[in-house]
Structure formats: C-alpha cells, structure tokens
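Participant: Below is a structure I'd like to ask you about.
The values are calculated or read from the model by the stated rules, or taken from the named source; none is laboratory data. Everything numeric here is computed off the predicted structure, so don't read it as measured data. Heads up, the Cβs are rebuilt from the backbone with ideal geometry, glycines too, and the neighbour counts pull from every protein chain shown. The area values use the complete protein model at the heavy-atom level, side chains included, leaving out ligands, DNA and RNA. Shrake-Rupley method; radii C 1.70, N 1.55, O 1.52, S 1.80 Å.
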Amino acid sequence: MAHFAKLDENNVVVDVNVVNEDDILHLPFPESEQVGVDFLTQWSGGYTNWKQTSYNRNFRKNYAYIGGIYDPDRDAFIEPQPFPSWKLNEYTCVWEAPVPCPESRESPIPGVDFIWNEETLSWDQVVE
C-alpha cells in the first residue's frame, strides 16, 4: 500500500489516504508519486495537492500526520512544534527538547514516566 497526504494551500496535512499498489502500477518511490497523484486527483474530483509519504519513513523524513506540515524546502513532513523551547533537528526533522528526557539516556528508568515542563524547561517525573 502507498500512502498520500492531502495538503491544504499552506501545505498542512488535512488527510492521509491509502492507495492500492495496483493503482500506482507497483512502482517504487519516486516514480509512484505522480501516478498516485493522478489517481487521487481523479478519485477526489480534481483535488491536486497530494504528496506521497512513507509509513516506514523511507523518504520525506517522517510519516505525514493530520495537522503536520509538508516542508518543500526540506522535502519532509514535520509534526507541529510541541513546545516553544523545542528545536527542530534539521537532519531528522523531529522536534527535540533542549534537555534530553531521562528515559532516553543509555540507562532507561523502567516504569517511570516523564513529562516536559515548559515553565522550568525540564522534565518532571510523573507521580502516580
């Protein structure tokens, strides 16, 4: 199956559609994209702003999610910025906290969750 993001006029993802491999002639990306766009344009009654996305992140950095954007300069799908302090990793196009999460270090803490605190710019342990 191939996945295509429907983009609005600002390149915001408004929907993600699955297209059968037969409908894209079993072509690999990037050859499959124009075939899929043509198929979806006809299927949707003329809507033309589609971009192929990879569920496995094989291209365009990230899978397209509703509310995310397609950045044509980076040729990447980027999720909305979760917090003002977080910076975009230009290589992965994933937002990163200014301080790594304790559970993402080499020695994860089993059974402990953390939540970002934008006020203190730190991770708070979730107390259950």
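Participant: What are the residues in segment 36-58 that are open to solvent by 40 Å² or more (accessible area, probe 1.4 Å) and not polar (S, T, N, Q), if any?
Facilitator: 38, 39, 43, 45, 46, 47, 51, 55, 57, listed by residue number.
Participant: Do any residues in segment 46-59 that are more than 15 Å from residue 70 (Cβ to Cβ) have Cβ atoms under 6 Å from those of residues that are open to solvent by less than 50 Å² (accessible area, probe 1.4 Å), where the two are at least six apart or on different chains, and which pairs are they?
Facilitator: Here the result reads 55/3; 55/63, each pair linking segment 46-59 to a residue that is open to solvent by less than 50 Å² (accessible area, probe 1.4 Å).
Participant: Also: If I ask for residues that are in contact (Cβ under 8 Å) with a residue 40 or more places away in the chain and either surrounded by 17 or more Cβ atoms within 10 Å (Cβ to Cβ) or within 16 Å of residue 71 (Cβ to Cβ) (or both), which ones from segment 15-35 would you list?
Facilitator: Residue satisfying the conditions is 16 alone.
Participant: Okay, next question. State whether the residues of segment 52-71 include one that is more than 30 Å from residue 118 (Cα to Cα) and more than 11 Å from the chain's Cα centre (by Cα).
Facilitator: yes
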